[in-house]
Amino acid sequence: MLAFITRRFLFMFVVVFGVSVLIFSILMTFSPERRAAVYVRSPQQAQNLPQLVESLGLNDPFYIQYFRWVKELTHFNLGYSVVAARPVWDAFKSFLPVTLELNLYSVPIMIIVGIWLGTISGIYHDTYIDHITRIFAIIFWSLPTFLFALILLMIFYGYFEVFSPGIISDAYSVYIHDNPDKYTQYTHLLTIDGILNGRFDIAWDAAKHLFLPVVTQVMVIIALLLRVMRSSMIEETSKDYIMTARAKGADKKTINFKHARKNALIPVVTVAGWLAAFSMSGSIEVEVIFTRQGLGWWLANAAIQLDIPVIMAMCMFMGIIIVTANLAVDILYAYIDPRIRLS
Amino acid sequence: MPKLIQAEDVVTNFYTYEGVVKALNKVGLVVDHGATFGLVGESGCGKSVMVRSMMRIVQEPGQIEGGKVVLFFNGDQQQEAVDLLQQSEAYMEDLRGNHISMIFQEPNAALNPIMSIGDQISESFLFHRKKEMSKKILEDLSADDCRVFLPLKKLQQTLYTIAADNPKSFILIICSKIPILSLWQRRLKREALQRSIDIIRKLSISNPSETVHRYPHNLSGGMKQRIVIAIALACHPMLLIADEATSNLDVTIQAQILELLKDLKKTEIASILLITHDLGIVAETCDRVGVMYAGNLCEVADVEKLFQNPQHPYTKALLESVPKFSQEGRLRSIDGAVPNLVSPPSGCRFHPRCSHAMEICKQTFPEEIEIEENHMVACHLYVK
């Protein structure tokens, strides 16, 4: 088991290296002048473009430029973000908690609810419970996220005025910013910091702002996981070993939850791991629509303004997240399935 | 010989999209105490559905719609007879694996791939032998050489006293759900594992204490079939149903498994109900044989009588289609194909393929009659 994890862990570095080479080669498709232009701040500098190219070493061979870039990367020197008007790493650190907080709630919810509903739907397949969950799944799977988000905003913000977009109410935002001695930002996650500081009103306000984004993000993924889990569950319950378990005298609960569900989870774990990774890196639609200034919002704006250092940093970040999720899935897989663990 | 189980007029239908598959049309059979009953017939004639109906584990969308399956716990005495089709599901769960158990056709698929061998066999004990095992553990706990921290010992003794009294007690269910308290079951699981090791040792599996920690994919087909048999045998059932238990194994393993079953019948179990399409196996191992065709039982007789003096045209044809060493010329087969059971032929279901078919065969279903002692035939050729 340990050998398996070590092997996968080492393999992870190989993949990250591959990702970095790929990202860098995409950057290299721009001409040296085009890349030097990023550093230009005034018309005066624009006249010195050839010198700038020379001084930055943009005409050097690929591998030299690549290693220079990696060296900068290890010092978290990722360049300057025009959109955030800050160095990329500083901006990243301030945007990350917002995305993290959204996913802290949405990832567990979508995995637990998706698997649970899928199991129920699979056990009671072709009954009314199953029909209801399937209709639900089809609706949310086919409804575009942005449309669903806008509908929710229209109802809950437009008509009822309960859940507003943004991260937190302005008054609280100012309070947090102005009182660093009274209000310590332990984790930078608003709900958790609020509770840790004993300011439950702030935590509650942040939670209210989180509600709609979490619902939007969770629904489509629940729908997908539910369908995967349902079909996997139906497939497993018709297998021979279920018959052996019944002939042994097992009750329905043991059969469904101990025998069938554990087997049915094997394909679902893969899907769930991927979905969790994607929602971590790609809450773009949700963050843009609910104006939550997180990584997705930043990336969307950077893409519009061709803020290349940001796009490269985000690509790298997504690569690392997905590779890590893959490792987690592999370990989970081995935990569930002895055929992988022991081979 | 006293009867062990008697099925009468069992009707099982499958409600599929194409229509109602009438898989069993009033089938009855009797297995005596200590006998080996063979059930033969072509694929799809309802042998498996019959035994599954007897255990009430017919798969969806199948439904048992009529008849009786009477189990005689104590010989032929009527007062100890129980009609299984009238019992609750909980009663059946208690019965399956305990009094009647089954081994399956495909050993590769019959074991749960992600549970260890030991866990899968232990389940049988944990379902049916909790009381007994708790008593054993109580004895162990009160023995002098048992070194457990005293308050813990008291707690365990209390819990196992409850378990010995009523294993489905509410307190135990609650305790099993609470993370640390659920550790009380450890001794129970260890005891079940020990019993699993004992049972697979009996089935001549080498290195049993190591095998229980392995997983099905580590074992060969023959070994897996032994494990499946071990699961079925765990609680010393009165009746072991072997549903084509040797069909998918190669010949040497097949012979070993059949020998094993014969030996086990002498020592561990009362009766065997053997389903097969191999008439050679029937001739070797069975005392009585039933021949099934398209959801009907055509003929039941003692094994010698059936092979020497078959009466039903289908039995005759079936026996003729077995290759023999002295065979010359083409091997005879039965013309036509097994009928579609969504719309089975009227009257006797065999009449379209029968060389002796008469007018009456198309109209009425033949009653089962006893043409000589213990030899039943359902055919219009023979009249009472």
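The set of residues in region B:82-94 that are at the interface with another protein chain (Cβ under 7 Å from one of its Cβ atoms) and within 25 Å of B:G34 (Cβ to Cβ) contains only B:D94. Selection of first residues in region B:121-145 that are closer than 15 Å to B:D165 by Cβ and of second residues that are among the aromatic types (F, W, Y) and modelled with pLDDT of 85 or more, restricted to Cβ pairs under 8 Å at least 6 apart or on distinct chains, gives the following pairs, ordered by first then second residue: B:M133/B:F125.
How many residues does region A:303-343 hold that are within 14 Å of another protein chain (Cβ to nearest Cβ), open to solvent by 20 Å² or more (accessible area, probe 1.4 Å) and in a helix (DSSP H, G or I)? Even if it seems obvious, please write down each step before you answer.
Residues of region A:303-343 that are within 14 Å of another protein chain (Cβ to nearest Cβ), as a first pass: A:332-343.
So of that shortlist, the ones also open to solvent by 20 Å² or more (accessible area, probe 1.4 Å) come out as A:332-333, A:335, A:339-343.
If we keep only those that are in a helix (DSSP H, G or I) as well, we get A:332-333, A:335, A:339-341.
Residues meeting the conditions: 6.
Identification of helices (runs of 4 or more DSSP H) wholly contained in region B:235-343 with 1 or more residues that are under 30 Å from B:L193 (Cβ atoms) yields B:251-267.
For region A:54-87, the set of residues classified as farther than 21 Å from A:V19 by Cα and touching a strand residue (DSSP E or B) at 6+ places or on another chain (Cβ under 8 Å) consists of A:Y80, A:S81, A:R86, A:P87, listed by residue number. Taken over region B:18-56, residues that are within 21 Å of B:S321 (Cβ to Cβ) and aliphatic (A, V, I, L, M) amount to 2.
Restricting the first member to region B:205-227 and to residues that are touching a residue at least 24 places away in the same chain (Cβ under 8 Å) and within 12 Å of another protein chain (Cβ to nearest Cβ), and the second to residues that are part of a loop (DSSP other than H, G, I, E, B) and among the polar types (S, T, N, Q), the beta-carbon pairs closer than 7 Å and six or more apart or on different chains are B:H213/B:S116; B:R214/B:S116; B:Y215/B:S116. Would you say A:K258 is among the basic types (K, R), part of a helix (DSSP H, G or I), open to solvent by 30 Å² or more (accessible area, probe 1.4 Å) and touching a residue at least 40 places away in the same chain (Cβ under 8 Å)? When the stated conditions are applied, A:K258 does not pass them. Note on region A:32-80: enclosed helices (runs of 4 or more DSSP H) holding 2 or more residues that are touching a helix residue (DSSP H, G or I) at 6+ places or on another chain (Cβ under 7 Å), at negative phi and among the hydrophobic types (A, V, I, L, M, F, W, C) are A:49-56, A:62-74. In the same structural domain as B:L240 (by TED's automatic domain parsing) and modelled with pLDDT under 85: is that true of B:H277 in this structure? Taking the combined requirement at face value, the residue satisfies it.
Within region A:222-255, the set of residues being open to solvent by 40 Å² or more (accessible area, probe 1.4 Å), not in a helix (DSSP H, G or I) and not acidic (D, E) comprises A:S238, A:K239. Restricting attention to region A:272-288, the residues that are modelled with pLDDT of 80 or more, open to solvent by 20 Å² or more (accessible area, probe 1.4 Å), closer than 18 Å to A:F146 by Cβ and not aliphatic (A, V, I, L, M) total 2. Considering region A:291-302, and only residues there that are of a type outside the set (K, R) and in a loop (DSSP other than H, G, I, E, B), the residue that is least open to solvent (accessible area, probe 1.4 Å) turns out to be A:G294. Return yes or no: is B:D335 under 25 Å from B:G44 (Cα atoms) and either touching a strand residue (DSSP E or B) at 6+ places or on another chain (Cβ under 6 Å) or crowded, with 17+ Cβ neighbours inside 10 Å (or both)? Taking the combined requirement at face value, the residue does not satisfy it. Only residues that are open to solvent by 10 Å² or more (accessible area, probe 1.4 Å), farther than 30 Å from A:G122 by Cβ and either out of contact with any helix residue (DSSP H, G or I) (no Cβ under 7 Å at 6 or more places or on another chain) or basic (K, R) (or both) were counted across region B:36-67, and they come to 2.
Of the residues making up region B:232-245, just one is open to solvent by 10 Å² or more (accessible area, probe 1.4 Å) and either on the phi < 0 side of the Ramachandran plot or among the hydroxyl-bearing types (S, T, Y) (or both), namely B:M238. Taking every residue in region A:128-145 that is in the same structural domain as A:L226 (by TED's automatic domain parsing) and pairing it with any residue that is among the polar types (S, T, N, Q) and part of a helix (DSSP H, G or I), at least 6 positions away or on another chain, the pairs with Cβ-Cβ distances below 6 Å are A:D130/A:S121; A:T133/A:S121. When region A:1-25 is filtered for residues that are without any contact (Cβ under 8 Å) to a residue 40 or more places away in the chain and either closer than 17 Å to A:Y63 by Cβ or open to solvent by 80 Å² or more (accessible area, probe 1.4 Å) (or both), the ones remaining, listed by number, are A:L2, A:R7, A:L10, A:F11, A:F13, A:V14, A:F17, A:G18, A:L22, A:S25.
With respect to being polar (S, T, N, Q), assigned to a helix (DSSP H, G or I) and away from every other protein chain (no Cβ under 11 Å), A:N263 falls outside the description. The set of residues in region B:56-73 that are away from chain A (no Cβ under 14 Å) and over 17 Å from B:M102 (Cα atoms) comprises B:Q63, B:I64, B:E65, B:G66, B:G67, B:K68, B:V70, B:F72, B:F73. Looking across region B:105-131, the residues that are at the interface with chain A (Cβ under 7 Å from one of its Cβ atoms) and surrounded by fewer than 22 Cβ atoms within 10 Å (Cβ to Cβ) come down to B:E106, B:A109, B:P113, B:I114. Does region B:369-380 contain any residue that is touching a residue at least 60 places away in the same chain (Cβ under 8 Å), within 26 Å of the chain's Cα centre (by Cα), in a loop (DSSP other than H, G, I, E, B) and in the same structural domain as B:L24 (by TED's automatic domain parsing)? No. Between B:A245, B:A270, the distinction of being touching a Phe, Trp or Tyr at 6+ places or on another chain (Cβ under 9 Å) and closer than 25 Å to B:L29 by Cβ belongs to B:A245 only.
The values are calculated or read from the model by the stated rules, or taken from the named source; none is laboratory data. Source: prediction; values computed, not measured. Cβ: placed from backbone, ideal geometry, glycine included. Neighbour counts: every protein chain shown. Just the protein is used for accessible areas: all its heavy atoms, side chains included, with ligands, DNA and RNA removed. Shrake-Rupley method; radii C 1.70, N 1.55, O 1.52, S 1.80 Å.
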